[in-house]
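Note sheet for the following structure.
What follows draws every value from the coordinates through simple rules; no lab data is involved. Source: prediction; values computed, not measured. Note that each Cβ is placed from the backbone with ideal geometry, even for glycine, and that neighbours are counted across all protein chains shown.
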Amino acid sequence: MTSDDFRQHVETIIRAIRDLPACLAVEHWHQAEVVVSGPDADDFLHRVSTAPLRGLTTGVGRRMLFLDAKGHVKAAATGWKRAEGWALETELGQAENLVEHLEWFHIRERLEIRNTSQNSRKILLLGKEAESTVRGITKSQPEFAVNSAGLAETRIDLDFLTEQDQQTNSTLGTRELQNHAAAWARRFDHPLLPTLELVCPASQEKHVWSRLRTTAQVVSQDACEWLRVLFGMWSYGRDVTEERLGPEVTDDERVIGLSKGCYPGQEVVARIVSRGHVNWRLRGLSLPAGPKLAPGSEILVDGKRAGWLTSVANVPGTHLAVGLGYIRREFDILGKMLLTDAGPVGVHPLPFRLESPG
């Protein structure tokens with residue numbers, strides 16, 4: 001297989017992205033949330049996660065892993081820095097696992113760890129008009145913190161009061177009423193497509209959706225699975241499990257800090273970086289659509305195990321699929337086409353950069 005074959009995969013994906021509507025609103029975007037708040041929250045999370053968190057300003061976001069002493073991934077989250085601590089976003093069904101892991105290390109620190117998943121609802125917005133769509137339901141334009149990672153969060157006020165709000169207006173003070181209607185906007189760092197997440201109070205979800213349905217095309221989470229793959233948004237329990245070492249998942253130093261000091265699993269990470277390597281690496285993959293390759297399928301090259309798939313999704317309107325999977329070191333060449341037993345498979349960085357070789 002040649003670089004031309006890889007280029008064809010890239011161009012096919014680019015065309016599919018260009019054909020998307022101006023704004024997609026993802027229905028039933030299932031993500032849980034854990035809040036770590038208190039005077040010691042920053043220092044605590046810096047010490048127990050892989051990410052360098054000290055000195056970050058309010059509004060900045062970071063992806064992070066939580067390892068055991070042997071370097072295996074016990075939990076994963078995207079964290080959002082707030083004045084009172086951190087909001088940690090994780091997979092639905094993983095919140096209690098994350099709380100349990102954090103409580104294991106929580107001894108005397110002045111902080112509280114809470115699963116707040118039931119208090120809010122989340123809506124993902126994708127497309128070139130995503131930010132203007134958010135502006136259409138808020139009282140002012142969202143202002144995000146500027147930071148190198150691109151992940152950012154800002155508080156917003158929804159530009160309406162529901163009938164319930166109006167009824168409670170006589171019993172709530174001004175500040176209480178403002179908090180009742182408060183929400184958050186989050187910007188992700190996906191270079192392929194502008195991506196925002198709305199976090200609104202559960203009581204406001206129906207009214208937010210009534211506004212969004214007039215300006216965005218509503219789609220299911222399954223319909224956007226291919227975009228999750230392209231963005232490199234690995235799912236804990238599927239793409240990342242506790243059998244995997246942290247450096248197998250990513251070598252992004254914003255996620256796994258190499259000079260931040262001690263944290264669980266840090267010695268294993270340092271040993272891998274300085275004296276060795278990992279045998280497997282989580283990569284993006286482009287491959288023929290069809291039943292031959294599904295999550296859990298092995299990727300075989302000349303009968304030899306070159307890797308396996310963890311997620312696969314068809315690219316709409318094409319004969320191509322994209323996936324996430326682990327590739328063995330000797331086959332891990334970015335921009336390379338692997339001639340597998342199930343057809344040609346392209347190896348991509350995460351997130352997909354969609355740059356043609358040569």
Work out, step by step, the length gained on full extension between Asn119 and Arg135: first 0.36 nm times the residue separation, then minus their alpha carbon distance; give nm to one decimal. 3.5 nm
Sorting Ala270, Gly237, Leu193 by the position of each Cα along the dipole of the chain (Lys, Arg +1; Asp, Glu -1; all at Cβ), the one nearest the positive end of that ordering is Ala270
Assuming a strict under-25 Å limit between Cα atoms, what lysine pair count do you get for the chain once near-sequence pairs (fewer than 8 apart, same chain) are dropped? 14
On average over all directions, what projected area in square nanometres does the range 24-215 have, based on the convex hull of its Cα atoms? 11.8
In the chain, with Lys and Arg counted as +1 and Asp and Glu as -1 at Cβ, which of these residues, Val255, Thr58, Ala76, has the Cα nearest the positive end of the dipole, that is, farthest along it? Val255
Could you tell me how many degrees, from 0 to 90 and to the nearest 10, lie between the Cα long axis of helix 266-275 and the main elongation axis, the longest principal axis, of the Cα atoms of the chain? 30
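Rounded to the nearest 20 Debye, what is the dipole magnitude of the range 1-69 about its Cα centre when Lys and Arg each give +1 and Asp and Glu each give -1 at the C-beta? Mind dumping the intermediate values first?
Values: 7 positive and 10 negative charges, 38 e Å.
Here the size comes out at about 180 debye.
Note down the magnitude of the dipole of the chain about its Cα centre, charges +1 on Lys and Arg C-beta and -1 on Asp and Glu C-beta and zero elsewhere, to the nearest 20 debye.
Working: 42 positive and 46 negative charges, 107 e Å.
With Lys and Arg at +1 and Asp and Glu at -1, about 520 debye.
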Can you bin every Cα-Cα distance in the range 218-358 into 5 Å intervals starting at zero and give me the percent of pairs per bin, rounded to whole numbers? 2, 9, 19, 22, 19, 13, 8, 5, 2, 0
In what sequence do Leu20, Leu126, Leu350 fall when counting other Cβ within 10 Å, fewest first? Leu20, Leu350, Leu126
Hey, can you rank 296-303, 77-84, 46-53, 251-258 by average C-beta count inside 10 Å, highest first? 46-53, 77-84, 251-258, 296-303
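Using +1 on the beta carbon of Lys and Arg, -1 on that of Asp and Glu, and nothing else charged, what's the dipole of the range 24-215 about the Cα centre, debye to 20?
Values: 23 positive and 26 negative charges, 72 e Å.
About 340 debye.
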For labels at Arg238 and Arg110 in the simple 7 Å Cα→Cβ model, what's the distance in nm? 4.2
³J(HN,Hα), Karplus 6.51/-1.76/1.60, whole Hz, each residue of the range 15-30, x for Gly, Pro: 4, 5, 5, 5, 7, 6, x, 4, 8, 9, 10, 8, 7, 6, 6, 8
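Calculated from DSSP H runs of 4 or more alone, at -39500 (n - 2.57) each and per residue, what is the 222 nm mean residue ellipticity of the chain, nearest 500? Can you show the working numbers first?
Working: 10 runs with 82 residues, N = 358.
For the chain, the value works out to -6000 deg cm²/dmol.
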Working from Cα positions, state the angle (0 to 90°, nearest 10) between the long axis of helix 95-105 and the longest principal axis of the chain. 90
Going by a ≥ b ≥ c, the root eigenvalues of the Cα gyration tensor, does the chain fall in the rounded group (a/c under 1.5), the prolate group (a/b larger than b/c) or the oblate group? oblate
